[in-house]
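S.K.: For reference, the structure I am asking about is given below.
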Amino acid sequence: MMNWHRPAGSISDEQYDVVVRPGSDDWRHTGLLVATLGAGESRTLQTGDDEYIVVPLSGLGVDVSCDPDQVRLMGRADVFEGPSDVAYVPRGRTLTVTASEPSRVALCFAPASSDQPFAVVDKDAVPVELRGAGNCSRQVHNFGTPAALHADSIICCEVLTPSGNWSSYPPHKHDEERPGVETELEEIYYFESRIATGGPAEAEPHGYQAVHGTADRPIEVNARVVSGDVVLVPHGWHGPSMAPPGYDLYYLNVMAGPGDERAWRICDDPAHTWVRDTWTDHPMDPRLPFTGPTHEETP
C-alpha cells in the first residue's frame, strides 16, 4: 500500500520546500508548491493548464504579478495570526511571486478547463467559520471555497485547531459523484504546528492525522505530523486531525476533482456520525477565534 504521508523535506526540490503535482494514475487533480523566500526573492512559473491560489503563510508583503494583473498581498506573521489576502491566478499566465521580506508562500493549483478572471480575496473579507463544539472546536478560513471565490475546479481552505482538540471529525469522505450528496475530490493536507501558550521553547510541536479506507478501496494513514509535512487523501474516510495537548495545529487543504460541478459535499463515516449529536450542550472552545471576529458559525 502506498505511503500517503510525505514528511517535511521528502518532496522538495531546489526551488520549493513542498512539491505535489498531479499527473499520475494515483494522483490526478491537485497540486501544491510551498516556497521559502528571502527579502526580494521571487519564484516564476507558467500556469499552463492549471489555475492557482497564492496563499502567504508568513511574511507581511508578497507581490503577485501575472501580466496584466499585479497586486500586493498583505500577509501575516504566521498562519496562527488570522487570515491572509489571497490571489486567484487563471490558467495561461506567467506567474511571479516576490517577497518584500522573508516569507513563506503556498501555491495551490489544479487543472482547469475554463478561463476565469484574476481575483483577490482581501483578508478582511475571508469568511472565518467556527465549527464543532467543546474539544472538537476549530476555526476555518474559507478563502477558496465556492461561496468565497469563483474558480474552475480548485477548492481551498485552512483550519486552526487549538491544543488538545480534534478537527476533520467525525471522519468523512468525498470520493464519489452522488448528486446533491457527495462530490469526488482529492485532498492535500499541508501541516504546521506550534507550541501553545506557556510551553517551553525546546518542545517539539506536532500533531496527528488519520485516514482509513472503505471496504472496497483500502487506504491507511496514521501519521505523526510536524511543520512542513503533507498527507495526501486520494479517497477514503479522513480524520481526525489531532492537536495534542500543548500544541496548536494548522493545516491548509487543497481539493479538486473530475466532476463538472465545483462543489464541496461530504458524507460522514456512518460508524461515527453520532458524535455530532453529543455537541449540542457543549460550548465553542473559548480560545477561538484565535484572532479577529467570525462571519458565521456552523456545527
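S.K.: Which ones in segment 61-79 are surrounded by fewer than 18 Cβ atoms within 10 Å (Cβ to Cβ) and outside any strand (DSSP E or B)?
M.R.: Across segment 61-79, the qualifying residues are 61, 67, 68, 74, 77, 78.
S.K.: Of the conditions (1) closer than 15 Å to residue 253 by Cα; (2) surrounded by fewer than 21 Cβ atoms within 10 Å (Cβ to Cβ), residue 174 fails just one. Which one is it?
M.R.: The failed condition is (2).
S.K.: Looking only at segment 1-45, how many residues end up being in contact with a Pro (Cβ under 9 Å, 6 or more places away or on another chain), within 24 Å of residue 79 (Cβ to Cβ) and of a type in the set (D, E, K, R)?
M.R.: Of the residues in segment 1-45, 1 are in contact with a Pro (Cβ under 9 Å, 6 or more places away or on another chain), within 24 Å of residue 79 (Cβ to Cβ) and of a type in the set (D, E, K, R).
S.K.: Further, regarding this structure: How many residues does segment 99-150 contain that are acidic (Asp, Glu) and either within 29 Å of residue 24 (Cβ to Cβ) or open to solvent by less than 50 Å² (accessible area, probe 1.4 Å) (or both)?
M.R.: Summing the residues that are acidic (Asp, Glu) and either within 29 Å of residue 24 (Cβ to Cβ) or open to solvent by less than 50 Å² (accessible area, probe 1.4 Å) (or both) in segment 99-150 gives 2.
S.K.: So, one more: Counting just the residues of segment 242-282 that are β-branched (Val, Ile, Thr) and surrounded by fewer than 24 Cβ atoms within 10 Å (Cβ to Cβ), which one comes out nearest to the chain's Cα centre (by Cα)?
M.R.: The qualifying residue nearest to the chain's Cα centre (by Cα) is 266.
S.K.: A further question follows. Whether any residue in segment 135-145 is more than 30 Å from residue 282 (Cβ to Cβ) and among the polar types (S, T, N, Q) is what I want to check.
M.R.: No, segment 135-145 has no match at all.
Residue-wise test of (1) more than 23 Å from residue 130 (Cα to Cα); (2) open to solvent by 10 Å² or more (accessible area, probe 1.4 Å); (3) part of a loop (DSSP other than H, G, I, E, B); (4) out of contact with any Lys or Arg (no Cβ under 6 Å at 6 or more places or on another chain).
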residue: 152; (1), (2), (3), (4): yes, yes, yes, yes
residue: 164; (1), (2), (3), (4): no, yes, yes, yes
residue: 188; (1), (2), (3), (4): no, no, no, yes
residue: 203; (1), (2), (3), (4): yes, yes, yes, yes
residue: 220; (1), (2), (3), (4): yes, yes, no, yes
residue: 224; (1), (2), (3), (4): yes, yes, no, yes
residue: 240; (1), (2), (3), (4): no, yes, no, yes
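S.K.: So which strands (runs of 3 or more DSSP E) stay within segment 1-50 end to end and still have 2 or more residues that are touching a residue at least 12 places away in the same chain (Cβ under 8 Å), closer than 22 Å to residue 192 by Cβ and in contact with a strand residue (DSSP E or B) (Cβ under 9 Å, 6 or more places away or on another chain)?
M.R.: Per the criteria, 18-20, 31-37.
S.K.: A further question follows. Could you check residue 37 against (1) under 16 Å from the mean Cα position of the chain (by Cα); (2) farther than 30 Å from residue 220 by Cα; (3) open to solvent by less than 10 Å² (accessible area, probe 1.4 Å); (4) not acidic (Asp, Glu) and say which number it fails?
M.R.: (1)
S.K.: Could you check how many residues of segment 190-201 are surrounded by 12 or more Cβ atoms within 10 Å (Cβ to Cβ) and within 27 Å of residue 106 (Cα to Cα)?
M.R.: Result for segment 190-201: 7.
S.K.: Taking segment 80-98, which residues are open to solvent by 40 Å² or more (accessible area, probe 1.4 Å) and over 19 Å from residue 111 (Cα atoms)?
M.R.: 81
S.K.: If I filter segment 92-113 down to residues being in a loop (DSSP other than H, G, I, E, B) and touching a residue at least 60 places away in the same chain (Cβ under 8 Å), which single residue comes out as nearest to the chain's Cα centre (by Cα)?
M.R.: Filtering first and then ranking leaves 112.
S.K.: Kindly evaluate residue 26 against the criterion of being more than 19 Å from the chain's Cα centre (by Cα) and either within 19 Å of residue 228 (Cα to Cα) or at pLDDT below 95 (or both).
M.R.: When the stated conditions are applied, residue 26 passes them.
The values are calculated or read from the model by the stated rules, or taken from the named source; none is laboratory data. Here the structure is a predicted model, which means the values were calculated and not measured. Cβ coordinates were reconstructed from backbone atoms using ideal geometry, including for glycine residues, and neighbour counts include every protein chain displayed. Note: areas computed on protein heavy atoms with side chains; ligands, DNA, RNA excluded. Shrake-Rupley method; radii C 1.70, N 1.55, O 1.52, S 1.80 Å.
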